[in-house]
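The structure under discussion appears below in the form of structure tokens.
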Amino acid sequence: MDMRCLICLGTLFFILLTLNDAPFSAVQPIQIRQPTHATIQESTDPVAAKPQVVAEGPQRIIAILVDFPDKVHDKELSADKVRSILDEMDRFYREASYALTWIVATVVDKWYQVQTPIGNLDLEKWTSWRGEDMRKFRQEAIQAADNDVNYRAYDYVYIVAAGKVWPHGLCDFQIPTDDGMNVSKGVVVNESNGNSTYIHELAHVLPSNYEPWHGCGLPDLYSYDAMERDENPSIWVGPWDLMDNGFAFSAWSKIILDG
């Protein structure tokens with residue numbers, strides 16, 4: 001028996017000896033999880049049985065156009081232009097989700113006017129999205145269109161605002177309407193925003209598996225602290241994810257949205 005055979009036999013003996021000494025769980029066959037969507041893990045434990053709620057199927061959007069008493073929209077922005085942006089958003093989400101989800105959007109043709117002038121509200125700074133003035137604006141905007149819109153028919157409300165209102169998306173609008181419901185999930189964009197902002201903000205409110213937000217959307221992937229210091233906030237993900245300053249979702253974002 002030559003030296004090569006002795007080496008092979010020695011290596012095989014070592015492998016068998018190692019497996020024999022390993023814990024039982026270490027040598028179990030690997031269970032490959034089949035990809036599923038919108039599934040519920042079966043469990044007898046009511047606490048452990050958590051649904052995997054994902055963005056799947058039609059996402060129904062109503063877009064309302066809003067002016068202020070002291071600021072009207074740019075004449076270049078029309079309901080047709082907003083429809084075009086939403087059509088682009090539909091194509092993006094169909095491709096990003098492998099046709100698992102898509103956008104069904106309705107745009108109200110008229111422009112509504114809120115009661116409070118924009119000059120009396122703090123709406124343009126990046127921190128304003130969480131302020132009382134923004135909450136007041138959202139409420140006035142949704143109520144301005146209440147007579148014309150059946151909010152029960154939609155999953156999300158897009159408020160397209162004149163001026164430079166800071167864009168954002170939230171799952172806790174909590175605005176009562178004449179339909180006897182509360183509008184919860186909504187997005188605010190302004191007249192100068194394009195399709196990337198529309199797409200980014202919708203991702204904040206889509207169903208997801210992001211547990212810190214209790215299944216509501218994706219988080220921003222840029223630094224709020226850097227924003228506060230007026231520095232470049234794209235210090236983590238940068239161009240690799242649309243939730244920072246990229247043009248597409250990263251693999252992580254797709255997993256969180258698609259389950």
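Identify the residue in region 229-252 that is touching a helix residue (DSSP H, G or I) at 6+ places or on another chain (Cβ under 8 Å), under 26 Å from residue 172 (Cβ atoms) and free of Cβ contacts under 8 Å to residues at least 40 places away in the same chain and, among all such residues, is surrounded by the most Cβ atoms within 10 Å (Cβ to Cβ). Here the residue is 241.
Residues in region 136-159 that are surrounded by 16 or more Cβ atoms within 10 Å (Cβ to Cβ) and out of contact with any strand residue (DSSP E or B) (no Cβ under 7 Å at 6 or more places or on another chain): 5 in all. The helices (runs of 4 or more DSSP H) found wholly in region 187-259 and carrying at least 2 residues that are farther than 24 Å from residue 135 by Cα occupy 251-258. May I ask you to list the residues in region 166-211 that are surrounded by 17 or more Cβ atoms within 10 Å (Cβ to Cβ) and of a type in the set (A, V, I, L, M)? Within region 166-211, 170, 175, 183, 187, 188, 189, 199, 202, 203, 205, 206 meet the criteria. For residue 113, the stated conditions do not hold, so it cannot be described as surrounded by 17 or more Cβ atoms within 10 Å (Cβ to Cβ) and among the polar types (S, T, N, Q). Exactly one residue out of 100, 123 is touching a strand residue (DSSP E or B) at 6+ places or on another chain (Cβ under 9 Å), without any contact (Cβ under 8 Å) to a residue 60 or more places away in the chain and aliphatic (A, V, I, L, M): that is 123. Please indicate, with yes or no, whether at least one residue in region 144-157 is in contact with a Gly (Cβ under 6 Å, 6 or more places away or on another chain), assigned to a helix (DSSP H, G or I) and either in contact (Cβ under 8 Å) with a residue 12 or more places away in the chain or within 26 Å of residue 222 (Cα to Cα) (or both). Checked against the condition, which is being in contact with a Gly (Cβ under 6 Å, 6 or more places away or on another chain), assigned to a helix (DSSP H, G or I) and either in contact (Cβ under 8 Å) with a residue 12 or more places away in the chain or within 26 Å of residue 222 (Cα to Cα) (or both), region 144-157 yields no hits at all. Reported count of residues in region 89-105, each being surrounded by 15 or more Cβ atoms within 10 Å (Cβ to Cβ) and under 16 Å from residue 195 (Cα atoms), is 8.
Any read-out appearing in this document is the output of simple, stated calculations on the displayed coordinates, not a laboratory observation. Bear in mind the structure is a predicted one, so any value in this text is a computation, not a measurement. Positions of Cβ are generated from backbone atoms using ideal geometry, with glycine treated the same way; all protein chains shown enter the neighbour counts.
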